[in-house]
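The values are calculated or read from the model by the stated rules, or taken from the named source; none is laboratory data. In this text, all values refer to a predicted model and were calculated from it rather than measured experimentally. Neighbour counts are summed over all protein chains in view; Cβ atoms, including those assigned to glycine, are modelled from backbone coordinates with ideal geometry. When the accessible area is computed, the model is the full protein with side chains, heavy atoms only, and any ligands, DNA or RNA have been set aside. Shrake-Rupley method; radii C 1.70, N 1.55, O 1.52, S 1.80 Å.
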Amino acid sequence: QVQLVESGGGLVQPGESLRLSCVASGIIFSNYYMYWYRQAPGKQREWVAGIGTGGRTNYAESVKGRFTISRDNAKNTLYLQMNSLKLEDTNVYYCKAGLGIVDYWGQGTQVTDSR
């Protein structure tokens, strides 16, 4: 059974930092391209960042220079370091594992404005 479990969400104020994690089980993690997405209430889910099996990364323009995606294949874990957070970054964040036409999603972790 494949599971992706996100954690690390919480209350933040603009300018603060947060690190999200996504632990995968039931897949050969190192074979999968990994992604972070986010979704605000009433809006479509949007892609945030991706990292290939070799470590190559890509980012949405809205987070480039502030967010860093990384992976630890030995721990089957994906990370998203979020710095200089903005109000528009408060969303539910989801990780996704992709291999060919197969995708697996986590349940999400909430990042909320604490003000």
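Numbers for the structure displayed
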read-out: Scope the stretch 75-109; condition closer than 17 Å to VAL63 by Cα and of a type in the set (S, T, N, Q); matching residues; value: GLN81, ASN83, SER84, THR90, ASN91
read-out: Test result for TRP36, under 20 Å from LEU4 (Cα atoms), exposed (fewer than 15 other Cβ atoms within 10 Å of the Cβ) and under 11 Å from the mean Cα position of the chain (by Cα); value: no
read-out: Of all residues making up the stretch 57-110, the number that are among the β-branched types (Val, Ile, Thr) and under 15 Å from GLU46 (Cα atoms); value: 4
read-out: Subset of the stretch 1-18 that is among the aliphatic types (A, V, I, L, M) and not in a loop (DSSP other than H, G, I, E, B) - its residue that is surrounded by the most Cβ atoms within 10 Å (Cβ to Cβ); value: LEU4
read-out: Total residues in the stretch 24-69, condition of a type outside the set (Phe, Trp, Tyr) and touching a Cys at 6+ places or on another chain (Cβ under 9 Å); value: 2
read-out: Residues being small (Gly, Ala, Ser) and touching a Pro at 6+ places or on another chain (Cβ under 9 Å) - total across the stretch 62-109; value: 1
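Residue by residue, here is whether (1) touching an Asp or Glu at 6+ places or on another chain (Cβ under 7 Å); (2) among the aromatic types (Phe, Trp, Tyr); (3) open to solvent by 40 Å² or more (accessible area, probe 1.4 Å) holds:
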| residue | (1), (2), (3) |
| --- | --- |
| THR53 | no, no, yes |
| TYR59 | no, yes, yes |
| GLY65 | no, no, yes |
| LEU78 | no, no, no |
| ASN83 | no, no, yes |
| ASP89 | no, no, no |
| LEU99 | no, no, yes |
| GLY106 | yes, no, no |
